[in-house]
Amino acid sequence: MAIYRPLEQRTADLTASTTYRNADTYLANVYEDFHFFRWCYVNPMKYAYDYEAYAHGVASAARDNIAFYESMGNAYESRKNAAIAELFEGRAITSFSYTEMYQHYVQYDFSAFLALLICLYGFMSVFLTEKETEMDALLLTAEAGGAATVRAKLMASALFACLVCFWFWLVDFAAFSAIFGSWEAASSPLYALESFVHASINVSLGQYAALSAVVKTAGIVVLGLAFLLISCFFRNALIPFIIGLFATFGCVFMAESSMGSGRVWLKAINPFVLVVNRELFRKAEFVSLLGYPLPSYMAALLFAAVWGAVFLGGIAIFVRKNAWRQGGRRRVIMDL
Amino acid sequence: MLGVKGGEGVSLWIYEMKKMFFHQKGLIFIVLYFVLSIAAMILFDKPVNPDIERNRSPYSFYLDQVRGPYSETTERFFADEARKISDAKVALQKATDDYYDGNMEENEFLAVSGPLENILQNEKGFKLIYDQYTYIRENPGNRYFLYTNGWNGLLSHDKLDFLFLLLLLLLVAPVFGFEFDSKMDALLLTVKQGARRHAMCKIGLALLTVAVLCLLTAGLRYTFYQLKYGLGNGDYPLQSLSYFGTSAKSSTLFEAFLWITAGKLFGSLCFAMLILFASVCLKKYAITLFSCTAVILLPYYGLPLESSKYFLPGPLGFMVSTGFFRGNEYKRNPFKDQMDVVFREVSFTAWSIVFAVTLCLSVAMFIVILIRRTNEWNVGKRSYGRRGFRLMLVLGLAASGLSGCASPDTNGQRDVYNYSSRQSFENERYRFYTDDTDPENIRIVFEDKKTGEKGGLVRNPMTALTRVENAIYGNGTHVYYMKYDFDKPAFREVVDRFSVVEVDTATFQESMIFEKKLSTDRSTMLGLVKANDYDAGFYLTISSFFLDDRSLYFIGQDEIRWVNRLTGKMSVLIRCPVIKSVAFDGRYIYYVNEKSRVVKYDTRTDSETVVPDIVTDYFVLTDTELLFLNRKDRQKIYALHLGNAAIRKLTDKSVLTFHYDKPYIFYVNQSDLKNYRMDMDGQLVY
């Protein structure tokens, strides 16, 4: 403030000199100094300082709402506000830190697209290489064929997806840290980022980076299962690859058009939202599950689990059909 | 197919074609592609400047007069026309005042106002053409006046045709790839015809198919835009479109289209060659498809600068091609106080180098394919019948997932909306109004009529990054308000969404009934969904709204627009220089036009009638009557019965303004500026 106030006064009436590289300025001229301090220090500091009061205001407004909605007989909203009050209670940004790295890191998702493409490629050959050489029929006659093989394939696929994803997330994180030269903000709370002002979880930025990586990976595994299921229907990789690509773009399109939307169900139902999970953690949103408020990220994870189960079930059913034709190994099927 | 014994060059071609189009279901995919892309064009194509489409006739009235190059005459025309319009506005206002004050006879008034109205009826069109004029004036040499939506739709974008990309992959990858699948290659080496000639034949067929498809697609797009918008004045310079405004290349619009098509053709052929090359070298579908899509999609989505992809040798730049015609573009960076490059022009030298390198690469790939002499074919006896069906099923599911469900049609009595009371509403239990006692915290509040209990209507405790507008609309127990959501990805807040929220006041449960994405520049993931600048501009100027079961009506600065609640389709319903008074009773919209007459617009039949014998600038609609300040009788309050059209006088004094609060009318007397209250019979109540 000792630096900022004089600058503010000098620029207030817009008559200060614009001489280039003055001796007493940090940057080119006094206006640039003013803007630099204003946008990079004063405004973020003000936000950090005001946050405690704001969070307190939110919590008390939510508490007021609990009683209000109870008197209205709206149990769901009352429970929802209780959850909000609990979430915002005691929130404060205690130390000011340089968060620019995280600001960019949470917005970056091109690597996820890359990882998805690689998984699409990798998963195409999981079931198809054997089909191409008609080895699948032969495999079913083997002791460890059938269910055991399929299980092993699924495990290997999941492992592959996780490896690829974590490699990418690690490289991203390292690259961003290197570019911005700091990770000092790792212990700051997530809501230190202004677009996460209503963050739906109380974690630190460092924890969020880890959590986000896990959730992203989960999203990609679910989409990967979809690719596997699609590939089960075909005998070579051509058409499943195209359908997989088409479906991916469909999911991205849906996720983009529902981004920031208040229709939380629409957001949560799309497994791709796990990949761009800032959408889930940016805002405390709830969906109603039998009258109880369920945070949007829980809903999205549940939906993703359902999708995953559906895809797994689909794979199991398709494999069964194959096994049946090859001479019926009922116990193997039950295992699946 | 092993029956090809050699010597019959033509039959080789025929067999290959048969394989490509029938055995590998190429024909089905081609048909599917055309069906999908036509459907996508019909469903998703939005005009670049929707305002022009909404004001087509006033716009073309002016366009027809200035079409072509800029000249002294057009400049004079614009100056004259602008003066004429503003003069006409003043003159019409004066004539109206004179007439209603009794200083002018009706015949005289009609004689004066008729021509003036004719001038004013195209005012909106003039605004649109004037925008174009300001653009053209920057560089009059190569910017002409023309109707731009058609050409803009055809040329002004750098979208990659994703479906076409998939089609190429589907058609070209199996040309060689199919043979590797069944290990025919070893066998084929023993066949006489299976030498270089066969490979040439395959490549030739693939390239020919791709070329034909590419040209067909270009023709299809041209036809579509020709039919939907019209592609006139193809001989005007390319720079007439603002997308190419700073381009240094001299070309006409139609030439540019031909060049871009040629570029796309070249790009597609290179891409086909790349697929063939990859399939020959890598021998597996998965890796072939992966590497080819990666070559295209990664630079397309991954490069931060829009123009970088045109500097990369490879098929991508040519498959889009439009960027080769664009000029340098800059955007002001408010923090550094300097211009940032958004698009760097591709110079002719750069283009030549990129073209030469791409061509060399393609030729090299062609030679490699021939050297490897991959000359085998496949019998292919598998059942693919289900594939097409499944593809259809998946697409069908996707399509049905996108479609909405119809809203219930209820025809109940609706509460009356008045523009003058857009900040308040009253139902049986509550009164809602805007509480501006605290200027720091203006909010919409409700007041329980029995208990006098007060509270905010918007109960959401998380208020940051959201702005609630002070206009509400109510119908029965439901109250609606509108809000803007913001996001703050970096230093500045950007508006993200506009939404209309319904509050059921029985339980104060909120639900979203309409949403519109407004962010136009924030790049989300792949940037597939973007809002239109013109639409976003309108949503930011909405001052009030009302709605019925199917539609929302937004009151902007000088127009009322209708928006379909399900599809978000928007059109201009009413145009009026100044919105003075508007009311809505669930079916009819009443508003005051520029001649101070009340017009009744039927939203079901889209027809309007002028309510006779009323001259006013301010009215309020009640359930049975229209209360208005009578312009012809020195602003006294009159009431028109909606059923029998009987008019009665309520006050004997001139009134400045009034509002209706059932069952009383509150008014401000013009002479002493004091507030009075009276009942519906005109009796003062103290």
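The values are calculated or read from the model by the stated rules, or taken from the named source; none is laboratory data. Predicted model only: the values in this text are computed from it and were never measured. Don't worry about glycine lacking a Cβ; one is built from the backbone with ideal geometry, like all the others, and counts go over all protein chains shown. Only protein heavy atoms, including side chains, enter the accessible area calculation; ligands, DNA and RNA are left aside. Shrake-Rupley method; radii C 1.70, N 1.55, O 1.52, S 1.80 Å.
Worth a mention:
- Residues of region A:83-113 that turn out to be at negative phi and more than 15 Å from the chain's Cα centre (by Cα), as a count: 18
- Residue check, B:R604 at pLDDT 85 or above and open to solvent by 60 Å² or more (accessible area, probe 1.4 Å): yes
- Qualifying residue in region B:138-150 (condition: at pLDDT 85 or above, in a helix (DSSP H, G or I), surrounded by fewer than 20 Cβ atoms within 10 Å (Cβ to Cβ) and among the acidic types (D, E)): yes
- Residue-level analysis places A:G260 outside the set of residues that are out of contact with any Cys (no Cβ under 9 Å at 6 or more places or on another chain), closer than 28 Å to A:L128 by Cα and at the interface with chain B (Cβ under 9 Å from one of its Cβ atoms).
- Of the criteria (1) crowded, with 16+ Cβ neighbours inside 10 Å; (2) part of a loop (DSSP other than H, G, I, E, B), which one B:L32 fails: (2)
- Filter result for B:A464 (under 20 Å from A:G57 (Cα atoms) and within 14 Å of another protein chain (Cβ to nearest Cβ)): yes
- Odd one out for A:N236 among (1) farther than 18 Å from B:T293 by Cβ; (2) facing chain B (nearest Cβ under 9 Å); (3) not hydrophobic (A, V, I, L, M, F, W, C): (1)
- Test result for A:A152, in contact (Cβ under 8 Å) with a residue 12 or more places away in the chain, aliphatic (A, V, I, L, M) and farther than 24 Å from B:F491 by Cα: no
- Helices (runs of 4 or more DSSP H) contained entirely in region A:100-163, each with at least 3 residues that are of a type in the set (V, I, T): A:110-132
- Within region B:276-319, the set of residues being within 34 Å of the chain's Cα centre (by Cα), more than 10 Å from every other protein chain (Cβ to nearest Cβ), of a type in the set (F, W, Y) and open to solvent by 20 Å² or more (accessible area, probe 1.4 Å) comprises B:Y300, B:F311.
- Search result, residues across region B:488-501 that are buried (at least 18 other Cβ atoms within 10 Å of the Cβ) and either facing another protein chain (nearest Cβ under 7 Å) or acidic (D, E) (or both): B:K488, B:P489, B:D496, B:R497, B:S499
- Only a single item in (1) surrounded by 19 or more Cβ atoms within 10 Å (Cβ to Cβ); (2) in contact (Cβ under 8 Å) with a residue 60 or more places away in the chain; (3) not charged (D, E, K, R) is not met by B:L116, and it is number (2).
- Among the residues making up region B:225-238, those that are crowded, with 19+ Cβ neighbours inside 10 Å and out of contact with any Gly (no Cβ under 6 Å at 6 or more places or on another chain) are B:N233, B:Y236, B:P237, B:L238.
- Number of positions in region A:144-176 that are more than 14 Å from chain B (Cβ to nearest Cβ), open to solvent by less than 20 Å² (accessible area, probe 1.4 Å) and either modelled with pLDDT of 90 or more or within 26 Å of A:F96 (Cα to Cα) (or both): 3
- Any chance B:I42 is out of contact with any Leu (no Cβ under 7 Å at 6 or more places or on another chain), assigned to a helix (DSSP H, G or I) and surrounded by 13 or more Cβ atoms within 10 Å (Cβ to Cβ): no
- Within region A:199-208, tally of residues that are part of a helix (DSSP H, G or I) and either within 12 Å of chain B (Cβ to nearest Cβ) or within 14 Å of A:E279 (Cα to Cα) (or both): 1
- Of everything listed in (1) part of a loop (DSSP other than H, G, I, E, B); (2) of a type in the set (G, A, S); (3) open to solvent by 20 Å² or more (accessible area, probe 1.4 Å), the single unmet condition for B:S519 is (3).
- Enumeration of residues in region B:538-583 that are touching a strand residue (DSSP E or B) at 6+ places or on another chain (Cβ under 9 Å), among the polar types (S, T, N, Q) and more than 26 Å from B:T434 (Cβ to Cβ): B:N564, B:S571
- Residue match in region B:476-491 (condition: hydroxyl-bearing (S, T, Y), free of Cβ contacts under 8 Å to residues at least 60 places away in the same chain and closer than 17 Å to B:Y417 by Cα): yes
Residue by residue, here is whether (1) in contact with a Pro (Cβ under 8 Å, 6 or more places away or on another chain); (2) more than 8 Å from chain B (Cβ to nearest Cβ); (3) buried (at least 17 other Cβ atoms within 10 Å of the Cβ) holds:
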{"position": "A:A53", "(1), (2), (3)": "no, yes, no"}
{"position": "A:V58", "(1), (2), (3)": "yes, no, yes"}
{"position": "A:M72", "(1), (2), (3)": "no, no, yes"}
{"position": "A:L87", "(1), (2), (3)": "no, yes, yes"}
{"position": "A:T94", "(1), (2), (3)": "no, yes, no"}
{"position": "A:M101", "(1), (2), (3)": "no, yes, yes"}
{"position": "A:A115", "(1), (2), (3)": "no, yes, yes"}
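- Count of residues meeting criterion [more than 23 Å from B:I472 (Cα to Cα) and either in a strand (DSSP E or B) or of a type in the set (A, V, I, L, M) (or both)] in region B:582-597: 1
- When we screen A:F241, A:F286, A:F227 for residues that are open to solvent by 20 Å² or more (accessible area, probe 1.4 Å) and either more than 12 Å from the chain's Cα centre (by Cα) or among the aliphatic types (A, V, I, L, M) (or both), the only hit is A:F286.
- Scanning region B:646-659 for residues that are part of a loop (DSSP other than H, G, I, E, B), among the hydroxyl-bearing types (S, T, Y), without any contact (Cβ under 8 Å) to a residue 24 or more places away in the chain and open to solvent by 50 Å² or more (accessible area, probe 1.4 Å) turns up nothing.
- A:V252 vs. criteria within 14 Å of another protein chain (Cβ to nearest Cβ), part of a helix (DSSP H, G or I) and not charged (D, E, K, R): yes
- Applying the set (1) more than 10 Å from chain B (Cβ to nearest Cβ); (2) crowded, with 18+ Cβ neighbours inside 10 Å to A:F196 leaves exactly one unmet item: (1).
- Of the criteria (1) touching a strand residue (DSSP E or B) at 6+ places or on another chain (Cβ under 7 Å); (2) at pLDDT below 85, which one B:R492 fails: (1)
Yes/no matrix, rows are residues, columns are (1) over 24 Å from A:A53 (Cβ atoms); (2) among the basic types (K, R); (3) surrounded by 15 or more Cβ atoms within 10 Å (Cβ to Cβ):
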site: B:N441; (1), (2), (3): no, no, no
site: B:G456; (1), (2), (3): no, no, yes
site: B:N460; (1), (2), (3): no, no, yes
site: B:T477; (1), (2), (3): yes, no, no
site: B:Y480; (1), (2), (3): yes, no, yes
site: B:F486; (1), (2), (3): no, no, yes
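- Region B:607-624, residues that are farther than 28 Å from B:D98 by Cβ and surrounded by fewer than 21 Cβ atoms within 10 Å (Cβ to Cβ): B:S607, B:T622, B:D623, B:T624
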